1. Any idea how far the Cα center of the stretch 59-130 sits from the one of the stretch 14-29, in Å?
2. Highest first, please rank the peptides 23-30, 91-98 by the mean number of other Cβ atoms sitting within 10 Å of their residues.
3. Under 25 °C and 0.890 mPa s, how fast does the stretch 74-128 diffuse according to Stokes-Einstein, given a Kirkwood radius computed over C-alpha pairs? Answer in µm²/s, whole number.
C-alpha cells in the first residue's frame, strides 16, 4: 500500500513541476518575441526544459541505497585469532573459537601457511608472521 501511495505522491509532484515549467516557459515566451524562424527552436527548448525538470524531480525523489555491511571472511577470522595469540594456537582451539569444522580449519591453515601469513612453531601449533 505504501508503494502505491508513494507513487501517487511522486505523480502529483511531477504534474506540479510540469505545470510550473509550462508557466515559466510561457512567461519566457512573452518576454522574448521570437522571429518566425526561431519559433521551432523555442518549442524544442520548452520540450527539453520539461524533460530536464521531470528528470530532476525523479532524481530528487530517489532514496539512496543502503550500504552493505562488510562481512569478515573465514580466513580473516582464523588469522585474527592466530595473530592475537602470543604462544600459538592449535586446530582444536580454532575449531572451538570459530565454530568451523576440522576440514575447513585445516584448509584455511594450509592455504595461509603456503601464502606465508602464518608459520608452524611446533607440530599443530601456528603463530602469525610479523
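Quick note: the coordinates plus some simple rules give every number you see, no bench work behind them. These numbers come from a predicted model, not from an experiment. Glycine gets a Cβ as well: all are built from the backbone with ideal geometry, and neighbour counts include every protein chain shown.
1. With the stretch 59-130 and the stretch 14-29 each reduced to a Cα centre, they are spaced 61 Å.
2. On the way: 23-30: 12.1, 91-98: 15.5.
Descending packing order for the listed peptides: 91-98, 23-30.
3. Details: Rh = 10.7 Å.
Value of D from the Cα-based Kirkwood radius: 229 µm²/s.
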